[in-house]
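The values are calculated or read from the model by the stated rules, or taken from the named source; none is laboratory data. Just so it is clear, the structure is predicted and the values come from calculations on it, not from any experiment. Every residue, glycine as well, gets a Cβ built from its backbone with ideal geometry; the counts of neighbours run over all protein chains shown.
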């Protein structure tokens, strides 16, 4: 569903105003939009209820972590028709899967697979595809070779590369604090990358919250984040003790109207209602 654009012509009389220069020069805050992500497709019947709360949804191009099938496959058009935007994601390889072989070669092959899957699902060129980098901390050489080869392959295929990764500080054995998103960006050699960061720690997260005023992605602590995942299901007790009351008693996060269906979600915020720009244009 396209958002209608209303053009209004206004004739005004200019009058002097006491507004201070500081207020006049202050940039307007960008609106933020709520989204959800989950490994399993929530079902056709749930989309109307979820749309009441969320502007966008995740969309897996291959099997999510730990899954043997991809239940999102073939659902792009239906989700688009429901008015939902997208964060398109591809499940990448773990360090254990990379170590035995040529990590860069794995990255190039997986980039081709992701691009082919995006085309087959009807996503337009320039759609942002996020690589799911589940392992946090400082990336090892094999991981970096894989991630950057994947990014180069996605960008060369006519899409735009992004990375889903940790936005949480990780303290190394020598006391150095590293954030995975900053590690990837700092070694990216001017590559164009979108960032979807995960930080469910309370604070900065509000926990399982669906306030009308959504926090900006930069509220994650990663200033350059495009999307922020601020709640996960089930909640992680070691990071969420200060906001545990916002989660259900079973530890999961349920959107309004979804608890009886037992459809839990991870919750995200973004500065766009369609962070991957994956809706039909």
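Do we find a residue being surrounded by fewer than 20 Cβ atoms within 10 Å (Cβ to Cβ) and over 20 Å from the mean Cα position of the chain (by Cα) anywhere in the range 190-198?
Looking for residues that are surrounded by fewer than 20 Cβ atoms within 10 Å (Cβ to Cβ) and over 20 Å from the mean Cα position of the chain (by Cα), one finds at least one in the range 190-198, hence yes.
Does the range 250-269 include one or more residues that are in a loop (DSSP other than H, G, I, E, B), under 21 Å from residue 137 (Cβ atoms) and modelled with pLDDT of 95 or more? Even if it seems obvious, please write down each step before you answer.
Going through the range 250-269, the residues in a loop (DSSP other than H, G, I, E, B) turn out to be 250-253, 255-263, 265.
Subsequent filtering for residues that are under 21 Å from residue 137 (Cβ atoms) retains none.
Among the residues of the range 250-269, not one is in a loop (DSSP other than H, G, I, E, B), under 21 Å from residue 137 (Cβ atoms) and modelled with pLDDT of 95 or more, which makes the answer no.
Report the residue count in the range 210-244 for those that are touching a helix residue (DSSP H, G or I) at 6+ places or on another chain (Cβ under 9 Å), in a helix (DSSP H, G or I) and either surrounded by fewer than 17 Cβ atoms within 10 Å (Cβ to Cβ) or at positive phi (or both).
Residues in the range 210-244 being touching a helix residue (DSSP H, G or I) at 6+ places or on another chain (Cβ under 9 Å), in a helix (DSSP H, G or I) and either surrounded by fewer than 17 Cβ atoms within 10 Å (Cβ to Cβ) or at positive phi (or both): 2 in total.
Check the range 67-76 and report whether any residue there is in contact (Cβ under 8 Å) with a residue 60 or more places away in the chain, part of a helix (DSSP H, G or I) and in contact with a strand residue (DSSP E or B) (Cβ under 7 Å, 6 or more places away or on another chain).
Yes, some residue in the range 67-76 is in contact (Cβ under 8 Å) with a residue 60 or more places away in the chain, part of a helix (DSSP H, G or I) and in contact with a strand residue (DSSP E or B) (Cβ under 7 Å, 6 or more places away or on another chain).
Mind telling me which of the residues 111, 48, 117 ends up being in contact with a strand residue (DSSP E or B) (Cβ under 9 Å, 6 or more places away or on another chain), surrounded by fewer than 20 Cβ atoms within 10 Å (Cβ to Cβ) and part of a helix (DSSP H, G or I)?
So the residue among 111, 48, 117 that is in contact with a strand residue (DSSP E or B) (Cβ under 9 Å, 6 or more places away or on another chain), surrounded by fewer than 20 Cβ atoms within 10 Å (Cβ to Cβ) and part of a helix (DSSP H, G or I) is 117.
Conditions: (1) in a loop (DSSP other than H, G, I, E, B); (2) buried (at least 23 other Cβ atoms within 10 Å of the Cβ). Residue 207 meets all but one. Number of the miss?
For residue 207, the failing item is (2).
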